[in-house]
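Before any comments, here is the structure.
The values are calculated or read from the model by the stated rules, or taken from the named source; none is laboratory data. Just so we're clear, the structure is a prediction, and the values are computed from it rather than from any experiment. With ideal geometry, Cβ positions are generated from the backbone for all residues, glycine too; neighbour counts draw on all protein chains shown.
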Amino acid sequence: MSTIPAAAPKNKVKKTRERILDASAALFSKQGYNGTALRDIAKSLDIKAGSLYYHFDSKEQLVLEILKIGLENIINTVLARVNALPEDASTQEVLMEAAKGHLTALLEKGDYTSTSIRNYGQMPTAVQEEGRVGRDRYENIWRKWLVAAQEKGDIKADVDLKILRLSLLGSLNRTLAWYSPGGKTIDEIAEIQIGFFWDGIKGS
């Protein structure tokens, strides 16, 4: 007589949890946090709304998990691109690869990342506060690159790095609102956006 492996129930719970997260991220990305109720998520999975509480205590806990996954996705993708550069890479090359990684995470790697960008302002204050740890960690990575570049003289001494960082990331994040496949590639868009900041748009 065969027996069911002890790991089977845990694996089933894990897969169900992943399905809930996937469906929730898709709905949050499309409809927004405020526009998505738990019953909408349950309906998309063809389960009872009460079943969600076995895996998540609340809508807030659910979206916080999605925020964390989305931010980790951005961080890992960006660092992978930058770390693949040679040690003597220029500041422009670092920023270019970082921008390409950011857009790749935003546009190619699913609803988790776009949910963390599009919905953050809609989150309850407690969720925003907890999610800010990951956001601050990511912004600190960019801050370090920009400070190092300014110290090397690659960025003018009078440039306000906070405004530069927020403008760079804001421009990249805004791509979500207008990007559609079939036009320029993600890497080409990143190169153009970084070029605006690096070279400016003034004619010769």
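Data for the structure
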quantity	calculated
Residue 49 touching a Leu at 6+ places or on another chain (Cβ under 9 Å), modelled with pLDDT under 90 and not hydroxyl-bearing (Ser, Thr, Tyr)	yes
Matching residues in the range 184-204 - criterion: being under 18 Å from residue 105 (Cα atoms) and loosely packed, with under 13 Cβ neighbours inside 10 Å	184, 185, 188, 192
Boolean, residue 151 is out of contact with any helix residue (DSSP H, G or I) (no Cβ under 6 Å at 6 or more places or on another chain) and acidic (Asp, Glu)	yes
Residue 123, sole failed condition from (1) of a type in the set (A, V, I, L, M); (2) in contact (Cβ under 8 Å) with a residue 60 or more places away in the chain; (3) under 28 Å from residue 181 (Cα atoms)	(3)
Every pair of residues 6+ apart whose Cβ atoms lie under 7 Å, when the first sits in the range 139-150 and is on the phi < 0 side of the Ramachandran plot while the second is of a type in the set (Ser, Thr, Tyr) and surrounded by 15 or more Cβ atoms within 10 Å (Cβ to Cβ)	149/91
Filter result for residue 132 (outside any loop (DSSP other than H, G, I, E, B), of a type in the set (D, E, K, R) and under 19 Å from residue 32 (Cα atoms))	yes
Matching option when the condition is surrounded by fewer than 17 Cβ atoms within 10 Å (Cβ to Cβ) and closer than 18 Å to residue 190 by Cα, among 128, 122, 92, 61	92
Any hit, the range 145-165, residues being out of contact with any Pro (no Cβ under 7 Å at 6 or more places or on another chain), of a type in the set (Phe, Trp, Tyr), assigned to a helix (DSSP H, G or I) and surrounded by 15 or more Cβ atoms within 10 Å (Cβ to Cβ)	yes
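Per-residue answers, yes or no, for (1) of a type in the set (Val, Ile, Thr); (2) assigned to a helix (DSSP H, G or I); (3) more than 21 Å from residue 181 (Cα to Cα); (4) under 16 Å from the mean Cα position of the chain (by Cα):
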{"residue": "87", "(1), (2), (3), (4)": "no, no, yes, no"}
{"residue": "100", "(1), (2), (3), (4)": "no, yes, no, yes"}
{"residue": "105", "(1), (2), (3), (4)": "no, yes, no, yes"}
{"residue": "115", "(1), (2), (3), (4)": "yes, yes, no, yes"}
{"residue": "128", "(1), (2), (3), (4)": "no, yes, yes, yes"}
